[in-house]
Each structure stands twice: as C-alpha cells, then as structure tokens.
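**Q** Please read through the structure below; I'll follow up with questions.
The values are calculated or read from the model by the stated rules, or taken from the named source; none is laboratory data. Owing to the predicted nature of the structure, the values given are computational and were not obtained by experimental measurement. Here the Cβ positions follow ideal geometry from the backbone for every residue, glycine too, while neighbour counts run over all protein chains shown. When the accessible area is computed, the model is the full protein with side chains, heavy atoms only, and any ligands, DNA or RNA have been set aside. Shrake-Rupley method; radii C 1.70, N 1.55, O 1.52, S 1.80 Å.
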Amino acid sequence: MTSRQQGARALPRALTRPLTRVLPLTPALVLLLLFLAGPIAYCVYIAFTDLQLTGQAHSSFVGLANFRRAFRDEAFVNAVWLTLVFTVVSSLIGQNTLGLALAGLMRRASKPVRTLTGGIVVTAWVLPEVVAGFLLYAFFRREGTLNAILDWLHLPRQNWLFTLPILAVSFANVWRGTAFSMLVYSAALDEIPGEITEAAEVDGAGGWRRLWHVTLPMIRRSIATNLMLNTLQTLSVFGLIWVMTRGGPGDRSQTLPLFMYEQAFQNSMIGYGTAVALLLLLVGSLFSAVYLRLLKTEVQ
Amino acid sequence: MPVRPTAALTALLSAALAATALTACGSGSGSSPDTIKVSYKQSTDNSLKVMDTYLGDVKKQFEKRYPGKKVELVPIKAPDSEYYTKLQQMLRSPRTAPDLVYEDTFLINSDITSGYLKPLDPYLAKWPDWRQFIDTAKSAAKGQDGKTYGVPDGTDTRGLWFDKGVFRKAGLPADWQPKSWDDVLAAARTIKEKVPGVTPLNVYTGKPAGERSTMQGFEMLLYGTGDGSSDLLYDSTAKKWITAGRPFKDALSFVETVYKEKLGPDVADALDPNYATAVNGELLPQGKLGIDLDGSWLPQAWLPGSGHAWPEWSQKLGLAAMPTQHGQAPGKVSMSGGWTWAVPAKAGNPDLAFDFIKEMQTEANAKKWYIANSGISVRKDVADDPSYATAQPGIKFFTDLVASTHYRPAYPAYPKVSTAIQEAMEGVTTGDASVDKAASGYDDTLKDVTDGQVTRR
C-alpha cells in the first residue's frame with residue numbers, strides 16, 4: 001500500500017510545509033499589521049470622530065459629520081477643483097507629454113546633447129522638493145528671474161504667483177517631475193523593434209501617423225503605468241506649493257494636501273483633516289480606475 | 001538546503017526588530033522624584049542660543065540651591081506651529097509629559113480646555129513675587145474657569161515704526177506722534193506724494209502672513225475703536241464671539257483704504273508669504289518703507305551676527321504709539337502676546353517644577369532674560385529698574401505701551417477665528433469683496449467655527 005502511505009505522508013507535509021514557510025514571516029507580518037495597517041485603520045477611525053489636537057476635553061464619534069461638512073465647505077470644493085486642475089495640467093498634460101517628447105527627441109540627438117539634457121532634467125528631479133520650491137519661487141517672484149528675462153525682451157512683466165498661482169505651481173511641478181516620465185518613456189521607446197518603425201516608414205507613414213499608429217499603441221502599457229504613478233505623486237505634492245505660495249493668495253492654489261494640513265494642524269481639527277485625507281485617497285483611486293479602464297479598451 | 005539559514009535569519013531579525021520596537025514603545029521615561037524635565041522651544045536658527053544659555057544658567061543655580069535635585073532640559077527644535085503640535089502630543093500621556101513646558105499664550109487656553117495643564121493657584125497664593133506681575137499679564141494665562149495656568153516670562157507690544165529719512169524728505173516731523181487713524185493715513189498720503197519709490201505704510205494683511213495679519217494688522221485697529229475697556233472680539237460674560245459690527249467694519253475700511261489708495265505695499269507683495277522677511281531684512285534697513293505697523297521684537301533681527309546686522313537702526317527709525325480711531329481715550333492702543341511657563345497636568349514632579357519657575361523668576365534672573373531676548377517686562381520691579389530701561393533703544397517705549405495693551409481672547413476657537421479675520425482682510429485688500437461683504441462672510445465663518453456661539457453687539 002505504498003500509494004496510501006505516500007498519500008498519508010503527503011497530506012501533513014502539504015500542511016506543514018506552508019506552515020514552516022509562513023512561520024518565519026509571522027514577526028514581519030505582525031510588524032506590518034502593527035505599524036502599517038494599524039495606523040491606517042486608526043486614521044479611518046479618526047475620520048469619523050471630532051478629535052482635535054487641542055481645545056477639547058473628550059472626542060466623540062460623529063459618524064459621517066466630517067464628510068458632510070467637507071461637501072458643504074466651499075473651501076473644500078475649491079481645493080478639489082484646484083487639485084484636479086493641478087493634476088491635469090502638471091501631470092497628465094505637462095509631465096507626461098513633455099516626458100514623451102523629450103524621450104523621443106533625445107533618441108535622435110547627438111550624444112553630448114543627450115547627456116546634457118538628461119543631466120539637467122534629472123537634476124531637477126533629484127533636488128529635494130523644498131529646494132526646488134525655493135528655486136521656482138525665486139524664478140517666478142516679482143523681482144525674480146522670469147521678470148528679469150521679460151524685461152530684457154521688452155515684454156510686459158507678469159506676476160504669476162499672484163495672478164495665476166495654480167499655473168505657476170503646476171509649471172513648477174512639470175519642471176520637477178518630467179524626468180521621471182522621460183526615463184520611463186526612454187526605456188519604453190528602446191523596446192520598440194527598429195524593423196517595425198522601418199516597415200511603417202516604407203509603407204509611407206509620416207511622423208505623426210507613425211507616432212499615433214505605431215509608437216503610442218506599442219508603449220501604451222508604459223503610458224498607463226507612467227500616468228498612474230505621476231498622478232498619484234502629483235496628488236500628494238505639498239512641499240513645493242507650500243514653499244511657493246502657502247496655498248495662496250487667498251486659497252487660489254490651495255490643493256487638497258494643503259487644505260488638509262490647514263484643517264488638521266493649523267485649525268487643530270484632526271478628525272476633519274483625516275476625513276479630507278480619505279477623500280484625497282478616493283480621488284487618487286478614481287484616477288487609477290480611469291487609467292485602468294482606458295488601458296483595457298485599448299487592448300480590446 | 002539554502003533556504004533554511006536565510007529564513008531563520010529573517011525570523012531572528014524580525015523577532016529582534018519587533019522586540020526592540022515593542023520595548024521602545026513600552027519603556028516609560030519614569031520620572032524620578034529628584035529630576036524635573038523642562039521642555040522649551042529651541043530656535044531653528046543655530047546661531048541663536050539665547051534661551052539655551054539662559055536656561056543652562058538657571059539650571060546651575062537651581063541645582064545648587066536644591067542639593068540632590070536635577071534639571072533635565074528637553075529642547076524641541078521646531079518652528080512655532082510644529083512646536084505646538086509636538087508639545088500637545090507629549091502632553092497627552094503621563095509617559096511623555098515633561099514637568100514644565102513653555103506655552104504660547106496664543107494656544108494656552110486650548111491646552112487648558114484639553115485638560116493638559118495644571119492650575120497653579122495654590123502655588124501662586126504662597127509666592128510673594130506674583131504680586132509684582134501686572135494684571136493684564138496675569139490674565140493672559142487664565143482659563144475660562146478663572147484659574148491661572150501659567151507664569152508669563154515677558155510679553156511684546158506693537159506700535160508704529162517710521163523711517164526718519166523718509167519723513168524728512170516728505171516734510172514730516174521727526175518726533176511724529178499721530179493722534180488718530182486719519183493722522184496715520186495723512187502721513188502715508190504725504191509720503192506717497194513727496195517720496196516716490198517708497199512704500200508709505202505697511203499693514204500686514206491676508207492669510208499668507210497668518211497671525212501676523214490678525215494681530216499686528218487687524219486687531220491693532222479693532223481694539224482702537226472703543227474706549228479700551230471691553231473686548232471687541234469676544235464677550236467673556238456671555239462666553240460668545242462677537243459678530244462683525246461697526247468697529248469691525250471700520251477696521252476693515254482702514255485696511256481697504258490703505259490698499260485701495262495704494263498707500264500700502266503692492267497687493268502681490270503684501271500677500272507674499274515671505275513679505276515679513278523682506279520688511280525686516282530689506283525694506284526698513286534700505287529706507288524703502290515709510291511707516292511699519294509692527295512688533296517690539298524687530299531689533300532682534302538687527303543684532304550683530306544675525307545676518308543683516310543694523311546697529312544704527314535707532315538713529316534711522318522713529319517710534320510712535322498706534323493711536324485710537326478718533327484719538328479718544330486712552331489715546332493709544334497695543335496688542336500683547338508672549339509665552340508662559342506651565343506645569344502639565346500629567347507632570348511627575350509639579351512641586352519641584354514650580355520651584356524651578358520661582359528660580360527663573362527671581363528679579364535678577366527675570367531682568368537678565370528680558371534684556372537677552374528683547375522681551376518686554378511684565379514685572380513692575382524690573383520695569384522700574386533703570387538698567388533694564390536703558391539696556392536697548394526702544395525698550396522703554398515698548399514697555400510703556402504695556403499700560404494700554406490688550407491680550408487676544410485666545411480661547412480654543414481663536415485660531416479659526418483668526419483665519420476668518422485674515423480672509424476678510426484679504427477680500428478688501430485685493431478688492432474682491434466690499435467691506436460689508438467681507439464682514440458678512442466673517443459672520444458666516446464665525447458661526448461655523450464656533451458652533452454658533454456668537455452674539456451681536
């Protein structure tokens with residue numbers, strides 16, 4: 001009865017082997033639960049309370065009050081709107097398109113030009129957020145570099161930080177974040193086999209048609225990944241805007257992370273601030289869902 | 001089997017990590033009965049060691065006077081708002097609560113309401129020096145329950161700084177002392193006309209400048225509309241916040257006039273979050289600003305070794321008290337804030353902590369502290385001491401203002417009320433809102449942030 005014996009032995013082994021493999025992982029799992037899932041769960045809980053950092057003796061459970069408050073709050077609606085503008089302009093349009101264009105152009109450029117451009121773009125990316133913020137503040141401010149250049153060209157001066165602050169910070173984010181897209185797209189473009197492009201050329205496809213019908217479909221997975229990562233990163237940009245405008249003037253560049261900070265730490269309403277954080281998370285997942293959906297239709 | 005050792009190692013490492021992490025959380029600091037922990041705000045500027053030096057000195061004196069007792073200084077190096085956050089987190093638990101904390105009067109009432117602090121009345125009753133503190137300062141750390149929760153270690157006042165050079169060019173007197181708001185505006189209009197290229201008058205405004213707009217700007221105006229006897233933001237008998245009435249609108253109108261007539265800085269500059277740095281560091285030292293409504297601490301930025309040392313400021317700048325609206329009694333107005341020493345409710349050694357306050361507040365130590373940090377004395381004995389009054393130019397001027405100063409109603413809702421004020425100011429500054437519209441916007445926000453605890457006057 002060798003087969004039965006084997007079966008009898010195999011059963012406990014099938015159980016014990018995963019167990020012995022899982023066992024060493026338990027401490028790590030406990031740590032993860034304790035320090036990652038724990039705080040997240042606690043955050044979700046706080047979002048349903050009226051917890052304040054100071055100014056109250058006891059906090060209590062308030063249900064959905066924080067969320068209802070957010071949707072009634074004009075400043076919140078304004079922040080959502082600005083967050084969308086900031087994300088669409090700087091990430092979707094700016095970083096993404098510019099990154100692709102740079103990656104495409106650099107393939108044709110000579111090596112010195114490529115190294116130099118790549119170097120500059122990557123430097124902007126490597127700089128700490130706060131340093132980049134100060135640099136661009138100095139560039140945009142009224143007595144800054146941009147106006148010096150405009151003066152020199154005999155063009156009228158502008159004060160972007162005051163008149164169109166959301167565009168100024170969007171530009172700053174493009175400046176800082178394009179390198180990432182550029183690197184992703186350079187890698188993706190390298191993957192396209194040369195013969196396909198040549199074949200399209202032989203068939204008489206021009207530059208734009210090649211881009212639209214050959215290149216873009218071939219790198220669509222990279223596009224989706226890049227868009228998703230860019231968007232999530234852009235949604236959480238805080239330091240850059242804080243340094244350049246503090247969300248002002250007024251609240252004309254107050255995106256959701258800045259609004260959240262103001263509510264939680266300046267007005268000490270931790271409960272409300274956390275609720276806003278959860279809503280920000282929701283915005284992020286909405287964007288992700290849209291990208292995934294787009295990717296799916298393209299595959300079909 | 002190459003997997004095993006790695007797995008074992010991972011397990012071991014994880015267990016070790018977990019153990020350290022868990023014990024680190026669990027090990028309480030466990031106050032020893034002979035040691036007090038003193039938390040204070042350390043300057044973010046590494047070259048400024050005023051407080052560290054002073055506290056180190058008092059620690060030495062204290063340990064000598066109380067043999068066997070130890071003082072542990074716990075500096076928190078952070079900008080103001082982060083210091084509050086950090087402190088409030090420490091005060092929540094007996095394991096982390098120090099024995100003595102440095103509290104801003106801006107937030108002390110919030111922390112009192114949270115139950116973070118201990119009432120000091122039993123100690124103060126037995127402390128003869130408490131009688132030396134002036135009444136307004138005593139009330140700065142008083143809770144809504146009437147108990148006192150902190151000992152103030154000085155204050156600040158506010159007034160008008162003006163450039164004597166600009167005034168000479170404009171034909172204005174070097175010993176200028178305006179009697180009403182109109183006098184201030186008239187001087188600014190003269191400067192605008194006669195001295196081009198100079199900003200006539202700076203009044204901080206809008207959200208980017210934060211509490212600076214509310215206190216140096218708006219409240220310096222608002223508290224000058226009455227007779228100085230009642231609070232114009234908060235009704236302490238009814239325990240309600242006051243909605244925007246005539247005084248509030250008058251103060252907003254002043255701000256509106258300054259920016260509409262272009263007597264103030266360019267609106268874009270005024271709403272630049274870094275404008276205060278430009279005022280202290282560039283505009284005043286370079287003679288580009290006529291009049292600045294600002295605080296008593298400005299000379300701190302001009303001390304030798306501070307980056308923009310400007311020792312000759314006292315010859316270049318004049319000082320004038322901010323007048324009341326129409327020159328009505330008491331004639332001048334000032335706002336005060338400042339910091340206090342408080343004992344956390346969860347402190348392990350409150351008695352010894354109060355002994356440390358007493359040591360800091362011997363007359364000699366108090367004087368040393370005021371002079372070192374350009375502070376304004378809240379003690380009568382020090383204020384009367386000639387060596388204090390002559391220690392720095394301007395110190396006598398600002399100390400005299402203490403008699404006509406006001407403290408903010410720094411109750412828990414105050415930070416939110418302050419933001420609402422800044423929004424109203426910003427509306428009239430940019431011209432986006434009329435005075436009436438900004439005032440009614442304030443009323444709406446006020447109702448919202450105080451849960452409807454408002455009253456009309």
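**Q** Under 8 Å between Cβ atoms, at least 6 apart or on separate chains: pull out the pairs that start in the range B:445-457 with a residue that is under 14 Å from A:ARG69 (Cβ atoms) and end on any residue that is at pLDDT below 85.
**A** That search, which allows pairs on different chains as well, returns B:VAL449/A:ASN267.
**Q** Within the range A:48-73, can you find the residues that are closer than 24 Å to B:ASP111 by Cβ and within 26 Å of the chain's Cα centre (by Cα)?
**A** Taking the range A:48-73 as the starting set, the residues that turn out to be closer than 24 Å to B:ASP111 by Cβ are A:49-62, A:66.
Selection gives A:ASN66 alone.
**Q** Please work out if A:THR54 is at the interface with chain B (Cβ under 8 Å from one of its Cβ atoms), surrounded by 12 or more Cβ atoms within 10 Å (Cβ to Cβ), in contact with a helix residue (DSSP H, G or I) (Cβ under 7 Å, 6 or more places away or on another chain) and closer than 30 Å to B:LEU117 by Cβ.
**A** yes
**Q** Collect the residues in the range B:92-106 that are closer than 14 Å to B:GLY143 by Cα and buried (at least 24 other Cβ atoms within 10 Å of the Cβ), keeping them in residue-number order.
**A** Once the filter is applied, which keeps residues that are closer than 14 Å to B:GLY143 by Cα and buried (at least 24 other Cβ atoms within 10 Å of the Cβ), the range B:92-106 yields only B:GLU103.
**Q** List pairs: first residue in the range B:277-303 and free of Cβ contacts under 8 Å to residues at least 40 places away in the same chain, second residue open to solvent by less than 10 Å² (accessible area, probe 1.4 Å) and among the aromatic types (Phe, Trp, Tyr) anywhere in the structure, Cβ distance under 9 angstrom, at least six positions apart or on different chains.
**A** Pairs found: B:ASN280/B:TRP302; B:PRO285/B:TRP302.
**Q** Okay, next question. Please determine, by comparing only the residues of the range B:343-402 that are of a type in the set (Gly, Ala, Ser) and without any contact (Cβ under 8 Å) to a residue 12 or more places away in the chain, which one is farthest from B:TYR54 (Cα to Cα).
**A** Top of the filtered list is B:ALA389.
**Q** Further, regarding this structure: Please state which of the following conditions B:ASP444 fails to meet, knowing it meets all the rest: (1) open to solvent by less than 30 Å² (accessible area, probe 1.4 Å); (2) charged (D, E, K, R); (3) under 25 Å from B:THR257 (Cα atoms).
**A** Every condition holds for B:ASP444 apart from (1).
**Q** Something else about it: Hey, among the residues in the range B:109-163 that are open to solvent by 20 Å² or more (accessible area, probe 1.4 Å) and among the basic types (Lys, Arg), which one's nearest to B:GLY318 (Cα to Cα)?
**A** Among those residues, the one meeting the criterion is B:LYS138.
**Q** If we keep just the residues of the range A:33-51 that are hydroxyl-bearing (Ser, Thr, Tyr) and open to solvent by 80 Å² or more (accessible area, probe 1.4 Å), which is nearest to the other protein chains (Cβ to nearest Cβ)?
**A** Let us first name the residues in the range A:33-51 that are hydroxyl-bearing (Ser, Thr, Tyr), namely A:42, A:45, A:49.
Still in the list and also open to solvent by 80 Å² or more (accessible area, probe 1.4 Å): A:42, A:45.
Details: A:TYR42: 14, A:TYR45: 17 Å.
Checked the range A:33-51; the qualifying residue nearest to the other protein chains (Cβ to nearest Cβ) is A:TYR42.
**Q** How many of the residues in the range B:401-440 are among the polar types (S, T, N, Q) and away from chain A (no Cβ under 11 Å)? Outline the logic, then answer.
**A** Applying the first criterion (among the polar types (S, T, N, Q)) to the range B:401-440 yields B:404-405, B:418-419, B:422, B:429-430, B:434, B:440.
Subsequent filtering for residues that are away from chain A (no Cβ under 11 Å) retains B:404-405, B:434, B:440.
So the answer is 4.
**Q** Oh, and also: How about the range B:183-234: which of its residues are outside any loop (DSSP other than H, G, I, E, B), of a type in the set (Ser, Thr, Tyr) and within 14 Å of chain A (Cβ to nearest Cβ)?
**A** B:THR199, B:SER213, B:THR214
**Q** Determine which member of the set B:VAL101, B:VAL71 is in a strand (DSSP E or B) and within 14 Å of chain A (Cβ to nearest Cβ).
**A** On the way: B:VAL71 fails: within 14 Å of chain A (Cβ to nearest Cβ).
That would be B:VAL101, the only listed residue that is in a strand (DSSP E or B) and within 14 Å of chain A (Cβ to nearest Cβ).
**Q** Is one or more of the residues making up the range B:310-322 open to solvent by less than 10 Å² (accessible area, probe 1.4 Å) and not hydrophobic (A, V, I, L, M, F, W, C)?
**A** Yes.
**Q** For A:ALA264, indicate whether it is in contact with a Phe, Trp or Tyr (Cβ under 9 Å, 6 or more places away or on another chain), touching a residue at least 60 places away in the same chain (Cβ under 8 Å), more than 14 Å from every other protein chain (Cβ to nearest Cβ) and not in a loop (DSSP other than H, G, I, E, B).
**A** Considered against the rule, which asks whether it is in contact with a Phe, Trp or Tyr (Cβ under 9 Å, 6 or more places away or on another chain), touching a residue at least 60 places away in the same chain (Cβ under 8 Å), more than 14 Å from every other protein chain (Cβ to nearest Cβ) and not in a loop (DSSP other than H, G, I, E, B), A:ALA264 comes out as no.
Here is a yes/no grid of residues against (1) under 30 Å from B:LEU201 (Cβ atoms); (2) of a type outside the set (A, V, I, L, M):
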position	(1), (2)
B:ILE291	yes, no
B:GLN300	yes, yes
B:HIS308	yes, yes
B:THR324	yes, yes
B:TRP339	yes, yes
B:PRO350	no, yes
B:PHE354	no, yes
B:ASN373	yes, yes
B:THR390	no, yes
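**Q** I'm trying to understand the selection: among the residues of the range B:257-287, which are of a type in the set (Gly, Ala, Ser), farther than 22 Å from A:ARG252 by Cα and modelled with pLDDT under 90?
**A** B:ALA278, B:GLY281
**Q** Give the range B:81-91 a look and list any residue that's more than 11 Å from chain A (Cβ to nearest Cβ) and open to solvent by 10 Å² or more (accessible area, probe 1.4 Å), or say none.
**A** Result: B:MET90, single match.
**Q** Go through the residues of the range A:220-230 one by one and say whether even a single one is under 30 Å from A:ARG141 (Cβ atoms), within 14 Å of chain B (Cβ to nearest Cβ) and at pLDDT 85 or above. Before you say what the answer is, go through the steps one by one.
**A** Step one: of the range A:220-230, the residues under 30 Å from A:ARG141 (Cβ atoms) are A:230.
Still in the list and also within 14 Å of chain B (Cβ to nearest Cβ): none.
Among the residues of the range A:220-230, not one is under 30 Å from A:ARG141 (Cβ atoms), within 14 Å of chain B (Cβ to nearest Cβ) and at pLDDT 85 or above, which makes the answer no.
**Q** Do you know which residues across the range A:77-122 are surrounded by fewer than 21 Cβ atoms within 10 Å (Cβ to Cβ) and more than 30 Å from A:THR215 (Cα to Cα)?
**A** Of everything in the range A:77-122, those that are surrounded by fewer than 21 Cβ atoms within 10 Å (Cβ to Cβ) and more than 30 Å from A:THR215 (Cα to Cα) turn out to be A:VAL77, A:ASN78, A:VAL80, A:TRP81.
**Q** Which pairs turn up if I take residues in the range B:144-161 that are within 25 Å of B:LEU201 (Cβ to Cβ) and look for partners that are of a type in the set (Asp, Glu) with beta carbon separation below 6 Å, at least 6 apart in sequence or on another chain?
**A** Pairs that qualify, where the first residue is within 25 Å of B:LEU201 (Cβ to Cβ) and the partner is of a type in the set (Asp, Glu), are B:TRP161/B:ASP292; B:TRP161/B:ASP294.
**Q** Then there is this: Any idea which of (1) more than 14 Å from every other protein chain (Cβ to nearest Cβ); (2) open to solvent by 30 Å² or more (accessible area, probe 1.4 Å); (3) out of contact with any Phe, Trp or Tyr (no Cβ under 8 Å at 6 or more places or on another chain) is the one A:SER60 doesn't satisfy?
**A** (1)
**Q** Residues being buried (at least 19 other Cβ atoms within 10 Å of the Cβ) and assigned to a helix (DSSP H, G or I): count how many of those fall in the range B:351-364. Break it down into steps so the answer makes sense when it comes.
**A** Keep residues of the range B:351-364 that are buried (at least 19 other Cβ atoms within 10 Å of the Cβ), which gives B:352-354, B:356-357, B:360-361.
Those still in the list that are assigned to a helix (DSSP H, G or I) too: B:352-354, B:356-357, B:360.
Residues that pass the stated criteria total 6.
**Q** Looking at (1) within 11 Å of chain B (Cβ to nearest Cβ); (2) open to solvent by 10 Å² or more (accessible area, probe 1.4 Å), which one does A:MET244 not meet, given that it meets all the others?
**A** Answer for A:MET244: the failing condition is (2).
**Q** In the range A:159-171, which residues are more than 14 Å from the chain's Cα centre (by Cα) and part of a helix (DSSP H, G or I)?
**A** Answer for the range A:159-171, where residues must be more than 14 Å from the chain's Cα centre (by Cα) and part of a helix (DSSP H, G or I): A:TRP160, A:LEU161, A:PHE162, A:THR163, A:PRO165, A:ILE166, A:LEU167, A:ALA168, A:VAL169, A:PHE171.
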